[in-house]
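Notes for the one structure printed next.
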Amino acid sequence: MEPLLPTTKHRRGRRTPRQERALANPGPALLSRESLAEVMAGDRPIVLDIGFGTGETVVAMAQDDPDTLIVGVDMHTPGIGDLLATVDELDLANVRVVEADVRLILDVIPPGRLTGVRTFFPDPWPKKRHHRRRLVTSDLAHALADRTRVTGFWHLATDWAEYADQMDEVVGGCARWVGGRITRPAARPVTRYERRGMAAGRESTDLLFERIAG
Ligand SMILES: C[S@@+](CC[C@H](N)C(=O)[O-])C[C@H]1O[C@@H](n2cnc3c(N)ncnc32)[C@H](O)[C@@H]1O
């Protein structure tokens with residue numbers, strides 16, 4: 001299945017045989033734009049995981065909450081292969097995978113449809129001149145508030161202290177999200193990415209916001 005964005009060489013990256021096998025035979029977990037719209041039209045609770053990497057968190061949270069459909073969206077093809085392979089190996093019925101830039105599929109998500117959103121360790125773009133490439137912006141906060149039901153959540157994490165400040169500022173700056181920094185919840189697994197940050201001496205910050213009426 002073609003990704004929803006033209007795929008660049010960089011995003012394609014090198015793939016392992018396991019990833020190749022899963023990408024060649026993705027099964028029903030991999031959604032097209034049309035099948036994503038069909039999933040959105042159903043009535044199952046949906047949590048969107050933006051930028052799932054290799055999918056470790058998606059898998060853990062899907063196992064913890066079998067009644068909720070976890071829709072993971074990422075644009076890095078090898079990671080898509082990893083998650084599809086794990087979904088198949090563990091026979092996970094409540095995971096769906098979308099290969100896209102999340103900003104290009106927001107229009108497929110109806111108002112108030114999401115129960116929650118997770119954005120763990122988005123690319124930090126630490127250099128000041130690259131900050132405009134960061135995913136968590138005021139525009140995204142408003143767009144996700146439109147698509148998340150009242151009482152729904154947005155859980156974010158980063159190991160870049162100054163990006164945590166930005167998250168607090170832009171998400172907290174949207175009147176329909178209330179919350180901020182929290183103690184790390186035990187249910188959030190340590191991913192390979194987070195472990196690398198810890199080894200480099202970086203501390204993780206979790207932020208949790210609730211969607212309020214407005
Ligand atoms: C640093 S990794 C973190 C992966 C994972 N969430 C974790 O905690 O280990 C960031 C991921 O976000 C993805 N990503 C970056 N921008 C994105 C976008 N606009 N839409 C969807 N995924 C994106 C990248 O491809 C990458 O897999």
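Quick notes
- Loop sites by DSSP among the trypsin sites (Lys or Arg not before Pro) of the chain, restricted to those with at most 10 other Cβ atoms within 10 angstrom, leave 15-126 as the longest stretch without any of them.
- When both bridge partners sit in the chain, DSSP labels roughly 40% of those beta bridges antiparallel.
- Theoretical ellipticity at 222 nm over the chain - DSSP helices of four or more residues, -39500 (n - 2.57) apiece, nearest 500: -10000 deg cm²/dmol
- Against the compact-protein benchmark of 2.2 N^0.38 Å, the Cα-based radius of gyration of segment 136-182 scales to 1.07.
- With θ taken as phi - 60° and the Karplus curve 6.51 cos²θ - 1.76 cosθ + 1.60 applied, the whole-hertz 3J(HN,Hα) list for segment 153-162 is 10, 10, 9, 10, 8, 8, 10, 10, 3, 6 Hz, x standing for glycine and proline.
- Coordinate range of the alpha-carbon atoms in segment 25-97 per principal axis, descending: 29, 27, 21 Å.
- Highest to lowest packing among 47-55, 24-32, scored as the average C-beta count within 10 Å: 47-55, 24-32
- Rounded to the nearest 20 debye, the dipole magnitude of segment 9-211 is 840 debye, with +1 charges on Lys and Arg beta carbons, -1 on Asp and Glu beta carbons, and the Cα centre as origin.
- Footprinting exposure proxy ranking of 123, 139, fewest other C-beta atoms within 10 angstrom first, gives 139, 123.
- For residue 30, distant residues with modelled amide H under 5 Å away: 97
- The length gained by stretching the chain between residue 182 and residue 162 to full extension, at 0.36 nm per residue less their Cα-Cα distance, is 5.6 nm.
- Size of segment 9-211 as Cα extents on the principal axes (Å, biggest first): 42, 40, 32
- Ranking 174, 111, 158 by how far each Cα lies toward the positive end of the dipole of the chain (charges on Cβ) leaves 158 at the top.
Values quoted throughout were computed directly from the atomic coordinates according to the rules given, and no laboratory measurement underlies them. Since this is a predicted model, take the numbers as computed values, not measurements. In this analysis, Cβ positions are derived from the backbone assuming ideal geometry, glycine residues included, and neighbour counts consider all displayed protein chains.
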